[in-house]
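This report refers to the structure that appears directly beneath it.
The values are calculated or read from the model by the stated rules, or taken from the named source; none is laboratory data. Remember, predicted model here, so these are calculated numbers, not experimental data. Reconstructed Cβ throughout: ideal geometry from the backbone, glycine too, with neighbour counts over all protein chains shown. These area figures cover heavy atoms from the full protein model, side chains too; ligands, DNA and RNA do not enter into them. Shrake-Rupley method; radii C 1.70, N 1.55, O 1.52, S 1.80 Å.
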Amino acid sequence: MTTPSSKAQGSGVPAATPDTAPDPAPTPSRRRWLILAVASAAQFLAVLDMIAVNIAFPAIGADFRSASTAELSWVLNAYTIVLAALLVPVGRLADAIGGRRSFLTGIALFGLASVACGAAPGLGTLIAARVVQGVAAAVLVPTSLSLALPAFPPRERATAVGVWTAVSAVAASAGPVAGGLLAALDWRWIFLVNPPVVLLAWVAGLRLLPRTGPVRTGPVRTGPIPGERRRLDPLGTLLVLLGTGALTTACVEAADWGYGAPATLGFLAVGLIAAALAVAHVRRHPDPVVDPALFRTRAFTAATLGLLGYFLAYAASILAATLLFTGAWGWSSARAGLAVTPWPLTVLVVSILSGRIVRALGERTTAVVGGLCFAAGPVWWLLLAGGDGAHYAVEFMPGLVLTGVGAGLYQPVMFSAAGLLPARQLSLGSGVLMMSRQGGSALGVAALVMITGGAARPGLDALRAGWVFTAVTAALAAVAGAALRTGVRVDPGENGGSGTDPLRHH
């Protein structure tokens, strides 16, 4: 007698198990777009605050004149490091206690931390409040995606993530403008404009977001099943926190400390050792903070590696463009910000259309084309960008459009890989993908600073070396996109499966 499992084995497709099978495709809800709007609002706040504060950095320094530049940098770095370090452990916690409860707690904490930042009487208080903001953002970012995805059927998930990505692009493009305008009034307004948006998102989330209960788990060999509470993994959580925190700190601070400085090498060594110990630990623990079963789904593993490579290229490209405009071309910060605008505007348009493109081309082709389009941008600059910026519209802007098209195609497909996972692992899976984003961004900036020698005004030769780096890393991201074929197929009737693979072409 032929069983679903035997058919899967005979076809070369891995049989579905309780640990890897995605949940049945949801019945489309008329509220799904409102749920996406609430989730996107949280993503908007998290991205906007990160970028706007960078623009207001000089104004903050003017208020705290007694502080050194190194001390002031922690207003920026505290948020970035805490966010990167907590994404995975907080994603696991959100799966354990319920995404809705985590989201509402995170958005409320973000609002309170924003008030504390805006009212901070001293630099120490401001940095502490930014740490709390980073904690809140680490809760919001993975849970926002994990709450939105299940509301959409698989064929609409690329569109949903495209909108979610477009919101990030809007926040990224609005950040410099909003930061500059608000800092001109008072830098504290950058934080004080958040609470009204937070209040609206909290009320809407309370009414709209689906109720999700805590995840429970059974015996080790049978995997997570209803009936028994999940076990805690404090050691694994500590190792993940220590590893990601130390590595991110080394990347963020290397330019100031020096790449060969004892502090940089020490943090790097601690991070690598903690990461190695964490990998060994999760392979042995019965219910680890990061379930290795996540990476048995080929598409999810490809998305994790692909996003790491993509954001290496993305962060380095943004910084290289800024250094070119303000350094080699001698433009003002305002003019440089305006010159970059075609990039996020292109991302916005293409992301919104990404669902239709994916349905026409399929996920794998869309991801490969996106990665290659992104790689074509720095190749354009490498071949054509000159030393005076007199022909910006020909020398540089087409490259911005190419990278924008690539970003708008690549990100929605790769972030949609979280939809391959069961509902009980959506927040954790989203956290892993977001950690790839944060880690890739930190490493990309560090790599470009090292390539250009840390110069505030690097020459064209140094920037061309940076463009080679971004083209290569974007091409590697395209290679990862080529691995986006069916990861796990769920046979009808097995484990409640629907026979639908969220990353198949529909």
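Can you give the local net charge around Gly98? Use residues other than it whose beta-carbon is closer than 11 angstrom to its beta-carbon, Lys and Arg +1, Asp and Glu -1. That sum, taken over residues with Cβ under 11 Å, equals +3. Pairs of Cα atoms nearer than 8 Å and 6+ residues apart set the relative contact order; for region 303-432 it is 32 percent.
Remark on region 343-488: ratio of C-alpha radius of gyration to 2.2 N^0.38 Å is 1.14.
Put simply, region 287-334 fits an ellipsoid with semi-axes of 39, 10, 6 Å; these come from the alpha carbon gyration tensor as the roots of five times its eigenvalues, largest first. For a test of the definition: using alpha carbon positions, the gyration tensor, and the 1.5 limit on a/c, classify region 294-373 as rounded, prolate or oblate. Verdict is oblate for region 294-373.
Could you tell me which of rounded, prolate or oblate describes region 44-88, using a ≥ b ≥ c as the square roots of the eigenvalues of the alpha-carbon gyration tensor, with rounded for a/c under 1.5 and, failing that, prolate when a/b is larger than b/c and oblate otherwise? Intermediate values should be presented prior to the final figure.
Numbers: a/c = 4.16, a/b = 1.63, b/c = 2.55.
Since a/c reaches 1.5 but b/c is at least a/b, the shape of region 44-88 is classed as oblate.
Could you work out, for region 55-200, what percent of all Cα-Cα pairs fall into each 5 Å distance bin, beginning at 0 Å and stopping at the bin that holds the largest distance? It works out to 2, 10, 15, 20, 21, 15, 9, 5, 3, 1, 0, 0, in whole percents. Three semi-axes describe the equivalent ellipsoid of region 443-484; taken as square roots of 5 times the Cα gyration tensor eigenvalues and ordered largest first, they are 25, 10, 5 Å.
Values of log10 I(q)/I(0) for region 76-153 across q = 0.17, 0.20, 0.23 Å⁻¹ run -0.63, -0.80, -0.97, by the Debye formula with one identical scatterer at each alpha carbon and no solvent.
Can you give me the % of accessible surface on region 372-469 that is carbon or sulfur? Probe 1.4 Å, all protein chains present, nothing else counted. If you can, show how the numbers build up before the last one.
Values: 2220 of 3090 Å².
C and S atoms contribute 72 percent here.
Applying the Karplus relation 6.51 cos²θ - 1.76 cosθ + 1.60 with θ = phi - 60° to region 54-65 yields 3J(HN,Hα) values of 4, 5, 7, 4, x, 5, 5, x, 5, 7, 10, 5 Hz, where x marks Gly and Pro.
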